[in-house]
1. Which condition number does Leu400 fail, the rest of (1) touching an Asp or Glu at 6+ places or on another chain (Cβ under 6 Å); (2) under 16 Å from Leu265 (Cβ atoms); (3) free of Cβ contacts under 8 Å to residues at least 40 places away in the same chain being met?
2. So which residues in region 165-193 are in a loop (DSSP other than H, G, I, E, B) and more than 13 Å from the ligand (Cβ to nearest atom), if there are any at all?
3. Looking at Val77, Val124, can you tell me which residue is within 16 Å of the ligand (Cβ to nearest atom), surrounded by 23 or more Cβ atoms within 10 Å (Cβ to Cβ) and under 30 Å from Gly296 (Cα atoms)?
4. Can you find, within region 127-146, the residue that is nearest to the ligand (Cβ to nearest atom) among those that are of a type outside the set (Gly, Ala, Ser) and not in a helix (DSSP H, G or I)?
5. Yes or no: Ile149 assigned to a strand (DSSP E or B) and touching a helix residue (DSSP H, G or I) at 6+ places or on another chain (Cβ under 8 Å)?
6. Using the structure shown, decide if Asp150 is surrounded by fewer than 18 Cβ atoms within 10 Å (Cβ to Cβ), closer than 15 Å to Gly79 by Cα and not assigned by the TED database to the domain that holds Thr81.
7. Out of (1) touching a residue at least 24 places away in the same chain (Cβ under 8 Å); (2) more than 25 Å from Val40 (Cβ to Cβ), the odd one out for Thr323 is which?
Amino acid sequence: MNNTINLAVLGLGTVGTGVLNLIKDNINELTRRSGHQLVVTHAGTRRHRNDIDPSIHQTADLMAITEAEDVDIVIEVIGGTDVAYEVITHAIRHKKHVVTANKALLAKHGNEIFKLAEEHGVQVRYEAAVAGGIPIIKIVREALAANKIDWLTGIINGTGNFIMTEMQQKNRKFGEVLAEAQALGYAEADPTFDVEGIDAAHKLSLLASIAFGIPVQFDKVYCEGITKISLQDVIYAKELGYTIKHLGFAIRREHGIELRVHPALIPSQALLANVNGVKNAVMIDAHPLGQSLYYGDGAGAGATASAVVADVMDLIYVIDAATPSDVPHLAFIPEELSDIGILPSDEMTSGFYLRLTVKDEVGVLANTTRILSDNGINIDAILQRDAHKSGLVPIIILTLPVLEKQMNTAISQIEALGAVVEPVVRIRLESLE
Ligand code: HSE
């Protein structure tokens, strides 16, 4: 021992501050593990911070930091896709290794950024971009490298899971819980990314890429958020033995890959149904391993910093190696990335929860079940509740898995029935088998 590894932390928000604190708190262990002294030489920030180590050079000139001689690894925790893109590509061109937590950027520009890094002989590490502190990138890229992955699913947005859990368990209002998630540093700068499923779609596109060896294809992810889930549906689902969670699915099918994020009913006894609060969890079905589940904090300063600094530690081995090399950015060697197609939403398969609001008339249930049967849809359960004061009756139907286009046809025929007075509420249902 021991030469130093110089770090630049770009962005001193929740995550950047968490990284500085982690390095300070755990410096002895980090040195013992890596054989190097980790030193933060620069911090990129628009506003000078008086509460951080005065030996760290603070500046708003991010480009100058990425060029600095005394920077070995650039840690980008600014977020967003504009400045972060410029800074990361600049750093790569100046042969700096990069660690980023920026899923939005990698979902959009990952293919290009990884190619640029390969051309310049540096690495871009992104463990913190997916599922916060759970080391899921390392698990899929390295620990499961011997397996063929058939599907993965997970709760990959902590804010969304926090909101759903508080609503379900405590009957709290959506807006109030979202404000709390923002105050706790879980939510994205633009919280619609969390509640509309976009953040989960960013992460799913990265997971799918390293699971199946396909390029990052965020624009092909089918995306629905949690904003339209009503307490009423949460309660009916519970009565039928299901819990509604917001999930991402990446599934290898015979004719292509399904990539989708949306709320789904899952059996209440399933492990994933019991992942609550800001926790994330990813379940992977792989051959020959079978199913495995990874669980932990999906957002917040400590969890995200844990993933960021683990990437730094890995990069130290890359820097140290006589002939530096690393796992391919997207787990498979670039020339072997497959062009297997992503299925359009019409071709996706899942079970469904349907809630109909109907007039209390003879034959309405019979007509509904006939339409489902005519479209080849197998009913798993039906629940008819007492009429509301208005005289309208809620009918809840659970179906077995069906092609989405069959369900679309059936729903439009059901909505055309005179007795069906409101649009049919539909939520996907997954048995997770
Ligand atoms: N807003 C994200 C979440 C942060 O809630 O999961 C971690 O990516």
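1. (3)
2. Matches in region 165-193: Asn171, Arg172, Lys173.
3. Of Val77, Val124, the one residue that is within 16 Å of the ligand (Cβ to nearest atom), surrounded by 23 or more Cβ atoms within 10 Å (Cβ to Cβ) and under 30 Å from Gly296 (Cα atoms) is Val77.
4. So, considering only residues that are of a type outside the set (Gly, Ala, Ser) and not in a helix (DSSP H, G or I), the one nearest to the ligand (Cβ to nearest atom) is Val130.
5. It is true that Ile149 is assigned to a strand (DSSP E or B) and touching a helix residue (DSSP H, G or I) at 6+ places or on another chain (Cβ under 8 Å).
6. When the stated conditions are applied, Asp150 does not pass them.
7. (1)
Residue-wise test of (1) under 16 Å from the mean Cα position of the chain (by Cα); (2) surrounded by fewer than 16 Cβ atoms within 10 Å (Cβ to Cβ).
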| position | (1), (2) |
| --- | --- |
| Tyr186 | yes, no |
| Ala200 | yes, no |
| Ile214 | no, no |
| Lys228 | no, yes |
| Val234 | no, no |
| Ile244 | no, no |
| Ile251 | yes, no |
| Glu254 | no, yes |
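The values are calculated or read from the model by the stated rules, or taken from the named source; none is laboratory data. Bear in mind that the values here come from a model prediction, so they are computed numbers and not experimental data. So basically every Cβ, Gly included, is an ideal-geometry build from the backbone, and we count neighbours across all protein chains shown.
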